[in-house]
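Asks: Pasting a structure below so you can have a look.
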Amino acid sequence: MSLPKIATREEWLTARKQLLEREKDLTRQRDSLSTERRELSMVEVEKDYVFAGPNGPARLIDMFEGRRQLIIYHFMFDPEWEDGCPSCTAGTDELSPGFFEHLRTRNTSYAMVSRAPLAKLERWKTKKGWDIPWYSSHGTDFNYDFGVTIDESVAPGQYNFRTREEFEALGSDFFDSEQPFEMPGRSCFLEVDGRVFHTYSQYARGLESTGGSYYFLDLTALGRQEEWEEPKRRSDSARPASPDFAS
């Protein structure tokens, strides 16, 4: 078992102040990165996607619900599955009514889109007790165009803005999985004079940057309790065991 070293309050305070300087630098970097994100150019969405929604057929602009901005979560739900992705489900469980109200206060709507038929989405939504607009893109190109359904028989392989060749150059066999397969993502859109523009998308671990329990756990001594975290075996400390403190 690996736990933090025991120190005096003075020793801890010295180390904490040193860490604070690095945290402040990261905050400044994050602010700068957010500025660059806001300054990204935007691309008009010209394809007329028609989704199946809780109130009937809907187009992308309908998801804005009259607001200027729209955030779409690409929820992993294959048409053949009976249940939604456990990871996407866990992340969605963490969203509260207050979270959506705060977005709406800033003229921003939130919706989810999945490739599974609407009936499956509605069943899972009811089971989880969610009150989130959820649309089915089944039969459309939406998931393929936004890089969250990987099917090289439909479109060249790409995820998180990297091609198959780029993944392979990194030593990854990502595209060797049985296709088609679903991946998570989040995309942002802006409405201007009745026109819809795509402004941003994020995938993979980039999705963590928008919060959730992981970022709260990152503040704690035991962290996320994942095997890959440093220091090694720290996650063992989250399991009931006899104390083994290191001095």
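The values are calculated or read from the model by the stated rules, or taken from the named source; none is laboratory data. Keep in mind that what you see is a predicted model, and the values were worked out from it rather than measured. Reconstructed Cβ throughout: ideal geometry from the backbone, glycine too, with neighbour counts over all protein chains shown. Ligands, DNA and RNA are stripped out before the accessible areas are found, and what is left, the full protein with its side chains, is counted by its heavy atoms. Shrake-Rupley method; radii C 1.70, N 1.55, O 1.52, S 1.80 Å.
Asks: Where in segment 64-82 is the amide nitrogen less than 15 Å from a point lying 7 Å along the Cα-to-Cβ axis of Leu95?
Replies: 64-65, 69-77
Asks: Averaged per residue, what accessible surface does segment 132-193 expose to a 1.4 Å probe, in Å²? Before the final figure, lay out the partial values.
Replies: Numbers: 3130 Å² over 62 residues.
In whole numbers, segment 132-193 has 50 Å² accessible per residue.
Asks: Let me ask you something else. Measuring from centroid to centroid over Cα atoms, what is the spacing of segment 1-62 and segment 129-159 in Å?
Replies: Between the Cα centres of segment 1-62 and segment 129-159 lies a distance of 23 Å.
Asks: In a Debye calculation with equal point scatterers on the alpha-carbon sites of the chain and no solvent, what is log10 I(q)/I(0) at q = 0.08, 0.14 Å⁻¹?
Replies: Scattering profile of the chain, log10 relative to I(0): -0.41, -1.09.
Asks: Please express the Cα-Cα pair-distance distribution P(r) of segment 146-213 as a list of whole percents, one per 5 Å bin, running from 0 to the bin with the greatest distance.
Replies: Percent of Cα pairs in each bin: 3, 15, 21, 21, 17, 13, 7, 3, 1, 0.
Asks: For a quick check of understanding: with a 1.4 angstrom probe and all protein chains in place, what accessible area in square angstrom does Leu222 have, to the nearest ten?
Replies: My reading of the accessible area for Leu222 is about 50 Å².
Asks: Please sort by residue number the GluC sites (Glu not before Pro) in segment 21-122 whose DSSP state is loop and whose Cβ has at most 11 other Cβ atoms within 10 Å.
Replies: Glu39, Glu46, Glu80, Glu82
Asks: Given the whole protein assembly as supplied and a 1.4 Å probe, what does the accessible area of Met76 come to in Å², nearest 10?
Replies: About 30 Å², ignoring ligands and nucleic acids.
Asks: A further question follows. Could you work out [θ]222 nm for the chain from helices alone, using -39500 (n - 2.57) per DSSP H run of at least four and dividing by all its residues? Round to the nearest 500 deg cm²/dmol.
Replies: Counting only the DSSP helices, I get -9000 deg cm²/dmol.
Asks: Carbon and sulfur atoms: what percent of the 1.4 Å accessible area of segment 28-142 do they account for?
Replies: 50
Asks: Moving on. Working with all protein chains in place, sort Leu19, Leu118 by solvent-accessible area computed with a 1.4 Å probe, largest first.
Replies: Leu19, Leu118
Asks: Same structure again: Hey, what do the phi angles of segment 34-41 turn into as Karplus ³J(HN,Hα) couplings, whole Hz, using 6.51/-1.76/1.60 and θ = phi - 60°, x for Gly and Pro?
Replies: With coefficients 6.51, -1.76 and 1.60, one gets 5, 5, 4, 5, 5, 8, 4, 5 Hz.
Asks: Check Tyr135: other-chain or 5+ apart residues with amide H under 5 Å from its amide H, H built from backbone geometry?
Replies: Met112, Val113, Ser114
Asks: Let me ask you something else. Using square roots of five times the C-alpha gyration tensor eigenvalues, list the equivalent-ellipsoid semi-axes of segment 123-167 in whole Å, biggest first.
Replies: 29, 12, 8
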